[in-house]
Amino acid sequence: MTQTIATSVAQQRQAAVAEALADIRQTLDRHPIDRATLAVVTTRLERLAAQKALFSRADFPPPAASLGVGASTRYRLNAGDGDEGLALYLNSINPGKTTIPHNHTTWAVIVAVEGQEENRVYSRSDDGSNPDHAQLALVRELTVQPGTSIAFLPEDIHSIHVVGDQPTLHFHLYGKPLERLSGRIGVELETGRVVNYNATQFKQSEVAA
């Protein structure tokens, strides 16, 4: 009986994810990629996040405490769609996780099922002429949590900082799979040094059932 229930939940989850992504693709097909369009995408993803029973910590466990502060696991929810087009992940990150500021080179939407992730959004204050160095200015801070989401255009720059006392369960939706975004940059705030983000910071995703 327990196995049957688990199979049913997995099937419901797969169907709900497929329906949400189909709706999002329709939106993207009809409108240019701008902040207004991403607001519509965000609203649709928030509807998916509201189906919390489909995205439990039992099915998407956080990293073991033994892995240390800020350990993270990223689950790909639509791996069957392959390496092109939309990629939806569910991130489970322990408190204490931080990243250096980085871009994505594609649009991105972050929506919470559970937990808090502080996002610090930056603008470049230099002219971008030196590929090895960048000067950043903090523009705003926003904590992504249930009911509060954030979206980014391809060259927007942000860092994440997992706060609170529980691991996150957050959707991260991208225009292309993260594994293919080889041109992303990260910026070391203390020195301004620019690094290749995927090459120095990125780890592979898990495939969700």
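The values are calculated or read from the model by the stated rules, or taken from the named source; none is laboratory data. Worth saying up front: this structure is predicted, and the values here are computed from it rather than measured. So basically every Cβ, Gly included, is an ideal-geometry build from the backbone, and we count neighbours across all protein chains shown. These accessible areas exclude ligands, DNA and RNA; they are computed on the full protein's heavy atoms, side chains included. Shrake-Rupley method; radii C 1.70, N 1.55, O 1.52, S 1.80 Å.
With a cut-off of at most 11 other beta carbons within 10 Å, and DSSP calling the residue loop, which GluC sites (Glu not before Pro) in region 96-154 qualify? Please list them.
On the way: sites: Glu114, Glu117, Glu118, Glu141; in loops: none.
Answer by residue number: there is no such site.
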_Spatially proximal aspartates and glutamates relative to Lys52 (Cα-Cα < 13 Å; intrachain offsets below 8 disregarded)_ = Glu114
*Plugging the Kirkwood radius over Cα pairs into Stokes-Einstein for the chain, at a temperature of 25 °C and a viscosity of 0.890 mPa s, what D comes out in µm²/s?*
139
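As an exercise, find the ratio Rg/Rh for region 117-201 from alpha-carbon atoms, using the Kirkwood inverse-distance average for Rh. List each step's numbers first, then the result.
Numbers: Rg = 13.9 Å, Rh = 14.4 Å.
Looking at region 117-201, the ratio lands at 0.97.
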*Give, in nm to one decimal, the length gained when the segment between Ser182 and Gln11 is fully stretched (0.36 nm per residue of separation minus the Cα-Cα distance).*
58.3 nm
*By a straight-distance test (C-alpha under 21 Å), which lysines pair with Lys97 as possible cross-link partners, with residues fewer than eight away in the same chain excluded?*
Lys203
*Determine the relative contact order of region 28-157: mean sequence separation of Cα pairs under 8 Å and six or more apart, normalised by residue count, in whole percent.*
27
_Summed side-chain charge close to Ser149 - residues other than Ser149 whose Cβ falls under 13 Å, Lys, Arg +1, Asp, Glu -1_ = +1
*asked:* Please report the carbon-and-sulfur percent of the accessible area for region 9-199; probe 1.4 Å, protein heavy atoms only, DNA, RNA and ligands left out.
replied: 49
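What whole-number value in Å² describes the accessible area per residue of region 132-171 for a 1.4 Å probe? Working shown, then result.
Numbers: 1800 Å² over 40 residues.
Spelled out: the 1.4 Å probe surface of region 132-171, per residue, equals 45 Å².
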